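Just below is one structure, and these are the notes that go with it.
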Amino acid sequence: MARRRRIKKRDAIPDPVYNNVQVAKFINRIMKKGKKTIARKIVYGAFEKIREKTKKEPLEVFNQALTNASPLIEVRPKRIGGATYQVPVEVRGDRKMALAMRWIIQVAKARKGKPMKERLAEELLETAENRGAVIKKKENVHKMAEANRAFAHFAW
């Protein structure tokens, strides 16, 4: 953390095709070793697969998937009197999107046997329909928070 002054939050530049900031951030999350053109090919290829399969606008499916995957509450460890408690706290808006993107990409990478754009397209479609591994992960986070609701009074 910065000791001297608050760090200014930089705004992301929208992507060139869909003119959307969320898509640009998603591309940056997929990118490895600075190879943005490859990351763009993966994301735009996945969007084309979505368009072929569903005949819907891929941006709508993408936004629906992010909304469905974003958690409302999570647990954070808090040390009190020598004991560490898992305290449920609400998730901020930017962290919601970051977690949703991270989970979608993790699950898509874990699938094997197909090119990344196909795996990503399938994962986005499943998440948009409220099923799949990402939704299970979100529900597990919510269950953990519900189970530790007794420690909610430690969140200040």
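Worth a mention:
- Restricting the stretch 56-106 to residues that are closer than 15 Å to His142 by Cα and of a type in the set (Asp, Glu), the residue that is surrounded by the fewest Cβ atoms within 10 Å (Cβ to Cβ): Glu90
- Members of the stretch 127-155 that are within 14 Å of Leu66 (Cα to Cα) and surrounded by 13 or more Cβ atoms within 10 Å (Cβ to Cβ): Thr127, Ala128, Glu129, Asn130, Gly132, Ala133, Val134, Ile135, Lys137, Lys138
- When we screen Leu125, Leu66, Leu72 for residues that are hydrophobic (A, V, I, L, M, F, W, C) and closer than 13 Å to Phe26 by Cα, the only hit is Leu66.
- When the stretch 56-74 is filtered for residues that are outside any helix (DSSP H, G or I), in contact (Cβ under 8 Å) with a residue 60 or more places away in the chain and over 11 Å from the mean Cα position of the chain (by Cα), the ones remaining, listed by number, are Leu72, Ile73, Glu74.
- Any helices (runs of 4 or more DSSP H) falling wholly within the stretch 75-156 and containing at least 2 residues that are acidic (Asp, Glu): 116-128, 133-147
- Selection of the stretch 62-87 for residues being touching a Lys or Arg at 6+ places or on another chain (Cβ under 9 Å), within 19 Å of Ala108 (Cβ to Cβ) and of a type outside the set (Ser, Thr, Tyr) yields Leu66, Asn68, Ala69, Pro71.
- Residue list for the stretch 6-40, filter: assigned to a helix (DSSP H, G or I) and either basic (Lys, Arg) or touching a Phe, Trp or Tyr at 6+ places or on another chain (Cβ under 6 Å) (or both): Lys25, Arg29, Lys36, Arg40
- Close Cβ contacts (under 8 Å, 6 or more residues apart or on different chains) running from residues in the stretch 103-126 that are within 19 Å of Gln64 (Cβ to Cβ) to residues that are of a type in the set (S, T, N, Q) and surrounded by fewer than 21 Cβ atoms within 10 Å (Cβ to Cβ) comprise Leu125/Thr54.
- Selected residue (criterion: surrounded by the fewest Cβ atoms within 10 Å (Cβ to Cβ)) from residues of the stretch 35-48 that are more than 11 Å from Met116 (Cβ to Cβ) and of a type in the set (D, E, K, R): Lys35
None of the figures in this text is laboratory data; all of them are computed from the coordinates on show. Predicted model only: the values in this text are computed from it and were never measured. Quick reminder, even Gly has a Cβ in these numbers, built from the backbone with ideal geometry, and neighbours come from all protein chains shown.
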